[in-house]
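Written below as structure tokens is the structure these notes are about.
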Amino acid sequence: MYKLALIGFGVVGQGFLELLSEKEDILRKNYQLEFQVVAISDAQKGSVFSGQGIDFRKALEWVKAGKSLNDLPGEKNGMDALSTIESCGADILFEATWTDIKTGEPALSHIRKALEKGMHVVTTNKGPLARYGKQLIEEAESRGLILRYEGTVMSGTPLLNLIRECLAGCEILEARGILNGTTNFILTKMSEGQSYEEALKTAQKLGYAEAVPDADVLGWDALAKVCILANTVFGASIIPDPEKLPCKGITGIRKEDIENAKREDQIWKLIARVYRENGAVKVRVWPEKIPLTDPLAGVTGAKNALTIKTDALEEITIAGFGAGRTPTGYAMLIDFIDIHKNLRRR
Ligand code: HSE
């Protein structure tokens, strides 16, 4: 019986608990996986802890009704994230707080504290992985703990699991793809005739883009994701600094560019690449015109995709959701199952 603690109870954290609620029986039946949620702590929504397990379905209803977790009956309420991690005695920490690409905080401190306390960690947070991925993996491994972060790149579309498990016998030579849903949505709408401004407004209305969408449209979000790949799959130590790395977004693409590409049977995509040059691992995010025959060309709307070039299998393309409540909640679920399977093999 695993004791779980959840830090951050926004869209992703709630999406994860909804899936746990739906799949609790299947997890028990198929994987002999049993769990109790002992703590939930969120900077805005309050916190609740109970060593014997809280009623997490009630916690979901509670928050959806706009009530604070500080008022949900439990052993202790009101603990902040670090006090929760320090004292909850969980086996696995699920970290889903907000992302700060520059510092990785507050998630970085949450993850480090959890590892210090002997917890395995699942996170969907790009900030700590983009900048400190390699160190965090080493920190976890040196303590015999497992750190999983499937949701940081392409949300629950199982890209990192694919590379770790199914491509374990391949050398990954390079990867290129669409790692930001907002910009892909905007480019798709522009190719259907909308202006950049109209498309951006629609993306904001649908909740893909942030109210201040700079991280998306200037390429910084895709850069962070490709740095996670560079640092955790290719073993590099690249700091995701858009000022120092080749990084360009889609703000310069005009209607005429879209129309010209169409005439040439091409389409504009914001392409993130990780590759090797003279032995060094490099990353780049740049708008590129690609032929319609490229598997990435047919990836439209807010979807993401990555083409992975390998030695033994040549090219493999994986496509799917790159954001959203259930897909990102699913990333946490698959990481949980993966940790469970790994622990059973020990
Ligand atoms: N803003 C991001 C995107 C969310 O549009 O892809 C997922 O990381």
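No lab work stands behind these numbers, since they all come straight from the coordinates. Just so you know, these numbers come straight off a predicted model, no measurement behind them. Neighbour counts run over all protein chains shown; Cβ positions are idealised from the backbone, glycine included.
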Here region 234-240 yields Karplus 3J(HN,Hα) values (6.51, -1.76, 1.60; θ = phi - 60°; whole Hz; Gly and Pro given as x) of 9, x, 8, 9, 9, 8, x
For region 215-319, how many pairs of lysine residues have a Cα-Cα distance under 19 Å, where the two are 8 or more positions apart or belong to different chains?
18
Comparing L69, L218, L33, which has the greatest mean-square fluctuation in the GNM of the chain with Cα pairs linked when under 10 Å apart?
L33
Using a cut-off of 20 Å between alpha-carbon atoms, which lysines can reach K58, once sequence neighbours fewer than 8 places away in the same chain are excluded?
K3, K23, K45, K67, K76
For R148, residues with placed amide H under 5 Å, excluding near neighbours:
V121, V122, T123
In debye to the nearest 20, the charge dipole size for region 165-321, taken about the Cα centre with +1 at each Lys and Arg Cβ and -1 at each Asp and Glu Cβ, equals 200 debye
Of the candidates I7, V285, G53, the farthest towards the positive dipole end of the chain (Lys/Arg Cβ +1, Asp/Glu Cβ -1, centred on the Cα centre) is G53
Highest mean first, how do 291-301, 127-137, 332-342 rank when packing is the count of other Cβ atoms within 10 Å averaged over residues?
127-137, 332-342, 291-301
Listed residues T307, A215, N77: farthest to the positive end of the dipole of the chain (Cβ charges):
N77
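Normalised by the residues of region 165-321, what does the relative contact order come to in percent, with Cα pairs under 8 Å and at least six apart? If you can, show how the numbers build up before the last one.
Details: 284 pairs, mean separation 53.5, N = 157.
After rounding, I find 34 percent.
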Furthest towards positive pole of dipole, L173, A203, C227, structure part region 165-321, Cβ charges:
A203
What fraction of the Cα pairs in region 165-321, stated in percent, has a spacing above 18 angstrom?
58 percent
Between Q44 and K23, take the C-beta separation as r, use R0 = 25 Å, and let me know the FRET efficiency to the nearest 0.05.
0.40
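If packing is taken as the average count of other Cβ atoms within 10 Å, what order do 174-186, 304-316 fall into, highest mean first? Display every interim value, and only then the final one.
Details: 174-186: 26.3, 304-316: 17.3.
Put in order of decreasing packing, that is 174-186, 304-316.
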With n ≥ 4 as the cut-off for DSSP H runs, can you work out [θ] at 222 nm for the chain, using -39500 (n - 2.57) per run divided by the number of residues, rounded to the nearest 500?
-12000 deg cm²/dmol
Highest first, please rank the peptides 160-171, 21-32 by the mean number of other Cβ atoms sitting within 10 Å of their residues.
160-171, 21-32
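Report the gain in length on full extension from E259 to K205: 0.36 nm times residue separation, minus Cα-Cα distance, nm rounded to one decimal. Before the final figure, lay out each step's value.
Numbers: separation 54, 0.36 × 54 = 19.44 nm, distance 2.53 nm.
Length gained between E259 and K205: 16.9 nm.
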From the phi of every residue in region 203-209, what ³J(HN,Hα) in whole Hz does the Karplus formula 6.51 cos²θ - 1.76 cosθ + 1.60 yield, where θ is phi - 60° and glycine or proline is x?
4, 5, 4, 7, x, 6, 8
Based solely on C-alpha atoms, express the radius of gyration and the Dmax of region 208-265 in angstrom.
14.6, 41
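Provide the gained length on full extension for the span K76 to D100, in nm with one decimal, where the gain is 0.36 nm per separating residue minus the Cα-Cα distance.
On the way: separation 24, 0.36 × 24 = 8.64 nm, distance 2.90 nm.
Taking 0.36 nm per residue and subtracting the Cα distance, the gain is 5.7 nm.
Please label the shape of the chain as rounded, prolate or oblate, based on the square roots a ≥ b ≥ c of the eigenvalues of the alpha-carbon gyration tensor (a/c under 1.5 means rounded; beyond that, a/b larger than b/c means prolate, else oblate).
Numbers: a/c = 2.00, a/b = 1.54, b/c = 1.29.
Taking the square roots of the gyration eigenvalues as a ≥ b ≥ c, the chain is prolate.
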Once you have the Cα-Cα distance between E34 and E277, take 0.36 nm times their residue separation minus that, and quote the gain in nm to one decimal.
82.8 nm
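Let me know the volume per residue of the alpha-carbon convex hull for region 1-90, in Å³.
Values: hull volume 7.5 nm³, N = 90.
In region 1-90, the Cα convex hull volume per residue is 83 Å³.
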How many nm separate the modelled label positions at I290 and V11, each set 7 Å beyond the Cα in the direction of the Cβ?
2.4 nm
